[in-house]
Amino acid sequence: MPSSPKPWSVFRLNSFRAKFMVVVGGAVLFDLLVGGSVALWNVNRLSRDATYQIESGLTKASQEYLQNYIETTALRADLLFDQMHSEVTALAGSMQRLIDHPEAKEAIGSALATNSYFNAPLVYDPQGNWMQSPQGSPSVLSVWGYLLSPDGRPKPEILRNIQESAAFDIFGPSQMATGARKLQVYYVGPKAAPIMRTTPYSDQAQTFDKLYPGHNNANFWDFFFPGVYEGWQGWIRDTKSRPVEGENITATAPYIDAITGKLIVSFFHPLWTKDRKDVAGMVASDVTLDQLANIVESVKVAETGFGFLTMSNGNVLAIKPEGEKTLGLKIASGAAGQGVTGLDRSLRKSTHAAVAALELPADDKTIIKHISIGEEDGEAEPHIVALRRLEAVNLWNSTGSITAENQMLGFVVPEREIYASLLAAQESISGATNRILVSQIIAIIISLLIVFAAVFGISKRITAGLSALAGAAKRLQAKDYSVRVNIPTHDEVGEVGVAFNRMAEEISFHTENLEQIVDERTKELEGANQEISALNSKLRDENLRLGAELAVAKHIQMMVLPRDSELEAIHGVEIAAYMRPADEVGGDYYDVLQEGSRVKIGIGDVTGHGLESGVLMLMVQSVARALQETGEDNPRQFLDRLNRAIYKNIERTNTNKHLSLAFLDFENGRVTLSGQHEEVLVVRANGEVERINTTDLGLPIGLERNILPFIATRDIPFNSGDVIVLHTDGVTEAENQEGKLFGLMRLSNSARHYHRRSAEEIKTGIIEDLMAHIGTQKIHDDITLVIMRHK
């Protein structure tokens with residue numbers, strides 16, 4: 001008994017069962033890997049898309065929130081400034097009304113002068129050399145030393161201003177007590193009499209002596225606010241010179257108040273003379289930045305976001321201490337001296353390069369920027385910065401000029417706080433993605449184990465028939481022709497088994513009868529070989545006969561062409577011709593016939609080429625020669641009779657050939673053209689080229705019996721030095737390697753180039769140009785060229 005196969009034998013690499021398992025398992029593995037990869041790719045894509053959508057929505061919502069928040073805050077700041085402007089404008093309006101009505105101003109001043117409350121006597125300070133109203137007055141009135149007479153009393157014009165400005169003691173305290181919180185409200189007289197009334201009462205002159213030495217020896221305006229007075233005078237001369245159109249109020253940059261030591265902003269409103277030709281002084285209000293700082297410092301964005309207020313030059317006016325540290329700002333207070341002392345806390349001097357380079361808005365639109373601000377440990381953290389300009393004001397600065405100023409409101413918030421929900425969502429999505437990935441891998445491994453177990457289990461059943469066929473084939477190879485296989489299945493393997501058994505039977509039959517079959521096949525091959533040899537011999541004879549016939553036809557065709565001696569014998573013109581058939585026998589026609597003084601030059605092209613075309617060409621030559629000999633000198637009759645003869649021959653030979661044909665009749669220097677063919681080129685002695693279309697001069701020969709109604713003639717001037725070029729389409733339609741045609745333009749240029757030479761040289765030159773164009777390309781059509789040159 002044959003030994004049973006060992007279990008491990010199924011895993012031999014050259015066994016069909018092993019290959020089957022590898023192929024099926026590989027296909028399943030590939031399918032699972034592809035499916036799993038696609039699923040994972042889709043999960044990752046879904047994760048990216050979800051993250052992107054969350055990030056886009058969050059970014060949009062954050063920007064909208066920041067924009068709305070900063071616009072609302074800016075509106076609050078603008079409203080605060082508007083309120084201050086309104087109150088100062090109201091006070092200025094009251095004072096201006098008195099200036100415009102001097103009689104009322106004098107009456108009010110006289111009335112108040114009689115009241116001890118409003119007209120307390122001024123006290124002179126010999127040490128400071130100034131006069132000031134006593135404690136308990138409605139306002140503190142200061143008169144500087146240079147406004148006093150040597151006796152220590154106000155000059156007369158100063159006394160007049162003191163009396164006329166007394167109404168401020170009525171308006172000022174009321175203005176101070178109502179509306180927005182103000183540090184002080186004051187009046188300053190014109191440059192010639194700059195007395196100062198300030199409410200509420202304070203030791204004004206004493207404080208000035210302490211903080212501003214030398215102020216009592218200089219004009220008040222030039223010492224404290226240089227350039228303001230002159231700027232307002234400029235507004236009178238040119239109303240359009242105001243930096244902010246239609247706005248009278250001028251604000252100062254924030255500075256440290258000499259009396260309170262607080263950082264304040266002053267709002268000045270000029271007073272005009274009645275005739276509006278000069279400045280009559282000003283009313284002003286000082287406001288601490290506390291109110292504005294409260295608006296800015298109350299900003300709360302996310303967890304640590306903050307707001308700040310800055311000038312257009314980057315000097316920060318209000319900010320929380322934490323924000324000051326975040327932006328890397330340094331505070332440098334100016335030293336006390338002439339004028340007001342400001343605060344230097346500029347973004348441009350920030351310790352962080354991104355903050356120092358921050359670009360402030362150039363218009364009234366809110367801008368949102370992303371910058372990285374370095375921390376103390378050296379790591380930069382991304383921040384979002386929102387910036388918006390406030391309404392423009394006239395600003396007096398320390399350089400003595402008045403310019404338009406837009407303060408800026410800014411919000412700063414770390415991106416991590418804005419995108420905290422995004423980071424949480426990303427982490428959640430990443431966790432879900434990883435779980436899906438692990439689950440997918442586990443599913444793939446389990447699927448592979450199940451598939452391989454199933455494949456291993458059914459592989460034996462599937463491959464049993466193939467194994468039987470393999471064993472039978474080996475026995476057949478060992479010349480055991482009695483072998484048969486028994487495959488019980490009815491699938492393709494079973495059909496192969498049936499076919500194998502039939503093949504084995506046939507091999508067995510043919511092996512036994514091989515010699516008889518070989519003899520029969522040998523006799524059949526010998527008979528077939530004899531028949532082939534006879535046919536080959538007959539074919540060689542036929543080829544020799546056809547070759548001889550073609551050679552004779554070509555020889556006859558070349559024989560009837562005009563000889564050089566005939567062409568040289570023609571007086572008055574030089575004629576040169578060239579013809580090259582594409583096959584052994586060509587279908588082109590040209591001839592030069594002379595009868596007395598008459599010379600007829602014909603050129604034509606039979607459809608196709610080969611023996612039939614060559615025979616038709618010979619017919620045309622013969623008929624044309626016969627007609628010339630009969631003395632037919634009418635070009636139309638000549639073509640008509642030739643067509644009738646050729647038409648009848650074509651009918652007899654039952655061919656579908658015809659030809660284009662044209663004739664040039666030359667006699668006594670006159671040329672007449674008739675018949676339809678290719679365009680005729682005439683190169684004049686001066687090199688000018690004329691193209692003559694022959695389409696309307698006839699019909700193709702052999703198509704119709706009667707073509708006389710269609711035949712026309714055309715006389716061509718032909719003078720000394722003129723050249724006529726006749727050609728067939730084999731010239732213009734010759735192709736080069738790129739498939740480009742030689743064309744009528746190249747033919748015209750070539751003829752013009754050689755036209756001063758002899759007819760033979762012109763012909764040779766054109767043919768050389770043509771062959772250079774064709775190169776190694778096969779010639780597909782007959783080439784014929786005739787040159788006629790007037791001597």
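Would you kindly derive the ³J(HN,Hα) couplings of segment 136-141 from the backbone phi angles with the Karplus curve 6.51 cos²θ - 1.76 cosθ + 1.60 (θ = phi - 60°), listing them in order in whole Hz, with x for Gly and Pro?
x, 6, x, 8, 8, 9
Helix-derived [θ] at 222 nm for the chain: sum -39500 (n - 2.57) over DSSP H runs of at least 4, divide by residue count, nearest 500? Walk me through the numbers on the way to the answer.
Working: 20 runs with 361 residues, N = 791.
Helix contribution divided over all residues of the chain: -15500 deg cm²/dmol.
Taking 0.36 nm per residue of sequence separation and subtracting the Cα-Cα distance, how much length would be gained by fully extending the chain between residue 706 and residue 151, in nm to one decimal? Don't skip to the answer; put the middle values down first.
Working: separation 555, 0.36 × 555 = 199.80 nm, distance 14.53 nm.
The span from residue 706 to residue 151 would gain 185.3 nm if fully extended.
Compute the FRET efficiency between residue 749 and residue 540 as 1/(1 + (r/R0)^6), taking r as their Cβ-Cβ distance and R0 = 45 Å, and round to the nearest 0.05. Don't jump to the answer; show the numbers that get you there.
Working: r = 49 Å, r/R0 = 1.10.
It comes out at approximately 0.35.
Could I have the simple spin-label model distance between residue 475 and residue 353, label points 7 Å from Cα toward Cβ, reported in nm to one decimal?
The two pseudo-label positions are separated by 9.0 nm.
Along the Cα-to-Cβ line of residue 401, 7 Å from the Cα, sits a label point; which residues in segment 299-314 have backbone N less than 16 Å from it?
Label zone hits: 312-313.
Nearest 0.05, what FRET efficiency do residue 720 and residue 655 give at R0 = 45 Å with Cβ-Cβ as r?
Values: r = 44 Å, r/R0 = 0.99.
Efficiency, from the Cβ-Cβ distance: 0.50.
Taking residue 600 as the anchor, which lysines have their alpha carbon closer than 28 Å to its alpha carbon, excluding any fewer than eight residues away along the same chain?
Output for residue 600: 554, 648, 657, 763, 791.
Just to verify a number: FRET efficiency for residue 180 and residue 103, C-beta to C-beta distance, R0 = 35 Å, to 0.05?
Numbers: r = 34 Å, r/R0 = 0.96.
Efficiency computed from Cβ-Cβ geometry: 0.55.
For the residue pair residue 322 and residue 369, what label-to-label distance in nm results when each label sits 7 Å from Cα along the Cα-to-beta-carbon direction?
In this crude spin-label approximation the distance works out to 2.3 nm.
Using the C-alpha gyration tensor of segment 253-293, what are the square roots of 5 times its eigenvalues, in whole angstrom, with the largest one first? Walk me through the numbers before you get to the answer.
Numbers: eigenvalues 161, 19, 9 Å².
Ellipsoid half-lengths, sorted descending, are 28, 10, 7 Å.
I'm checking a number: the convex hull volume of the Cα atoms of the chain, normalised per residue, in Å³. What is it? It would help to have the intermediate numbers written out before the result.
On the way: hull volume 338.8 nm³, N = 791.
That works out to 428 Å³ per residue.
On alpha-carbon atoms, Rg over Rh for segment 614-698 using Kirkwood Rh? Write down the numbers at each step before the final one.
Numbers: Rg = 14.9 Å, Rh = 14.5 Å.
With Rg and the Kirkwood Rh in hand, the quotient comes to 1.03.
For residue 325, which lysines qualify as cross-link partners when the Cα separation must be under 20 Å and same-chain residues fewer than eight apart are set aside?
Within the straight-line cut-off, residue 325 pairs with 300, 349, 369.
Taking a cut-off of 12 Å between Cα atoms, list the aspartates and glutamates near residue 740, but don't count ones fewer than 8 places away on the same chain.
Those aspartates and glutamates meeting the cut-off do not exist here.
Given +1 on the Cβ of Lys and Arg, -1 on the Cβ of Asp and Glu, and no further charges, what dipole in debye does the chain carry about its Cα centre, rounded to the nearest 20?
Working: 76 positive and 98 negative charges, 342 e Å.
Charge dipole of the chain: 1640 debye, to the nearest 20.
Subtract the Cα-Cα distance of residue 56 and residue 559 from 0.36 nm times their separation in residues, and report this length gain in nm to one decimal.
171.7 nm
Enumerate the whole-percent occupancy of each 10 Å bin, from 0 to the last occupied one, for all C-alpha pair distances of segment 560-790.
Taking all Cα pairs of segment 560-790, the binned fractions are 8, 34, 38, 18, 2 percent.
Residue 239 to residue 46: extension gain in nm, 0.36 nm per residue of separation minus the Cα-Cα distance? Walk me through the numbers before you get to the answer.
Numbers: separation 193, 0.36 × 193 = 69.48 nm, distance 6.48 nm.
Fully extending the segment from residue 239 to residue 46 adds 63.0 nm.
Under a no-solvent Debye model with one identical scatterer per Cα of segment 292-422, what's log10 I(q)/I(0) at q = 0.09, 0.12, 0.18 Å⁻¹?
The Debye formula, applied to the Cα set alone, gives -0.28, -0.48, -1.04.
So, with +1 on the Cβ of K and R and -1 on the Cβ of D and E, and no other charges, what is the size of the charge dipole of segment 560-790 about its Cα centre, to the nearest 20 debye?
Working: 24 positive and 36 negative charges, 64 e Å.
With only Lys, Arg, Asp and Glu charged at Cβ, the dipole is about 300 debye.
Read the figures in this text as sums done on the coordinates, not as results from a lab. Predicted model only: the values in this text are computed from it and were never measured. Cβ: placed from backbone, ideal geometry, glycine included. Neighbour counts: every protein chain shown.
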